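Have a look at the structure below, then the notes.
The values are calculated or read from the model by the stated rules, or taken from the named source; none is laboratory data. Model, not experiment: these values are computed from the prediction. Cβ atoms come from the backbone with ideal geometry, glycine included; neighbour counts cover every protein chain shown. Quick note on the areas: whole protein, heavy atoms, side chains included, nothing else; ligands and nucleic acids left out. Shrake-Rupley method; radii C 1.70, N 1.55, O 1.52, S 1.80 Å.
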Amino acid sequence: MGNLMGSLRYKEPSTVEECDSTWESDSEWDEQPGDEDSGISECVSPSETGRCDELVDMSGQLSQLSDSESSNKMKRSLYAAKDLYKYRHSYPNYKEPRLPNEYRNLRFYLNKIPLIPDGIFIEEILTKWRGDYDKLEHNHTYIQWLFPLREQGLNFYAQELTQEEIKEFQSTREAKRRFLLAYTLMLDFYGIKLLDKIGNVTRASNWQERFQHLNESQHNYLRITRILKSLGELGFEAFKAPLVHLLLDEALCRGTLPNMLHSILEYYVYTIRLRSLRRRLLRYAHQHYQPANTFLWGPPARRRGAGAGPGGRVAEPILERERRGGDPHRARSPMTKQDSVGGGDGGGEGKGTKGCTASTKTLQEGVKGEYIETVPL
């Protein structure tokens with residue numbers, strides 16, 4: 001009965017604005033511990049249908065106004081917005097398999113079964129594949145087993161996660177230990193190093209070679225989307241923001257991963273369930289995005305200028321507060337007070353960059369209309 005009622009209450013979003021709750025409380029003053037996307041959409045009950053329609057009408061009007069400004073102006077991807085909305089809200093319309101679950105993802109991480117179709121056990125991957133970048137690049141079956149989701153990928157032998165398996169996985173120390181090793185394996189492949197047990201990351205010693213490869217190997221952007229989603233499913237939600245911030249800093253400010261910028265803003269940021277963290281990342285991006293008036297991921301026009309704090313005081317953007325007295329070309333990390341989170345001082349600035357003025361020429365000229373990634377790997 002519970003699943004039936006849940007499916008009846010679920011309302012499929014039809015616009016980007018309906019999918020994106022990032023700016024619902026557009027102020028640093030009113031952030032609460034429960035400020036996150038979870039459960040069913042707020043617009044679900046029949047009594048609220050009018051409110052939902054009103055939001056759709058308003059967003060439609062804003063869309064028409066922006067479209068009239070330029071027929072070639074980039075648009076937010078509805079495909080991406082829907083995909084990440086469903087992920088953040090625990091796949092509200094997903095029907096889990098009725099057959100007994102064998103917990104194949106958990107058994108794989110316990111080294112009891114190999115991944116299919118390759119017949120490789122997790123321990124072999126963790127011990128023999130590290131540093132074998134050709135294998136990690138060209139094998140396309142392992143990623144679905146290393147980072148399982150509640151959605152089907154391209155390897156149809158890999159089984160989707162279920163709620164019960166997620167709970168079992170999160171309570172199994174051996175599985176979680178291997179999962180973190182798998183995460184560090186992929187980070188090394190991308191030229192990144194995990195610093196601690198709370199998810200802080202920095203450039204690895206091999207960052208120059210690996211970033212150059214990553215900037216040109218765009219199918220890895222899909223893999224990173226999957227990795228971020230899987231981190232959240234299996235109990236490592238806090239690991240997402242440091243990684244996303246590092247990639248954003250490299251793409252936008254240091255100019256080492258310019259081809260990744262659109263994937264970061266359309267996908268990676270929106271895997272993060274805590275709205276306040278999404279806001280901080282997007283404020284950081286907006287601060288350095290060029291040209292600033294083409295930034296698509298800020299608050300809707302009707303909310304800009306809002307956000308007064310207690311006593312009518314307008315909340316100063318957090319990144320402006322953090323920049324004062326520091327390097328004018330590099331804001332401190334919005335994740336913590338330490339500059340190490342996502343900053344990555346392992347090797348200096350990217351070649352040829354001048355502060356945070358990375359070009360968005362690729363975005364403006366190479367992508368028109370919606371930006372769409374394909375199905376998850």
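Some notes on this structure:
- Interchain or long-range residues, amide H under 5 Å from T172's placed H: none
- Amide H contacts of V201: L195, G342, each under 5 Å away and 5 or more positions distant or on a separate chain (H built 1.01 Å from N in the peptide plane; Pro and chain starts excluded).
- Amide H to amide H, with H built 1.01 Å from N, S77 comes under 5 Å of Y371, counting only residues 5 or more places away or on other chains.
- With DNA, RNA and ligands ignored, accessible area of E12 (1.4 Å probe; Å², nearest 10): 70
- Greater than 19 Å apart at Cα, pairs in K128/K240; K75/K240; K112/K176; K86/K229; K193/K240: K128/K240; K75/K240
- Kirkwood hydrodynamic radius of region 167-304, from inverse mean 1/r over distinct Cα pairs, in Å: 15.7
- HN-Hα J in Hz across region 220-231 - Karplus 6.51, -1.76, 1.60, θ = phi - 60°, x for Gly and Pro: 5, 5, 5, 4, 5, 4, 5, 4, 4, 4, 5, 3
- Table column - 3J(HN,Hα) (Hz), region 244-249, Karplus curve with 6.51, -1.76, 1.60, x for Gly and Pro: 4, 5, 4, 5, 5, 4
- Separation of alpha-carbon centers, region 253-279 and region 126-170, rounded to whole Å: 22
- Peptide ranges 113-122, 221-230, 168-177 listed from the most packed, as the mean C-beta count within 10 angstrom indicates: 221-230, 113-122, 168-177
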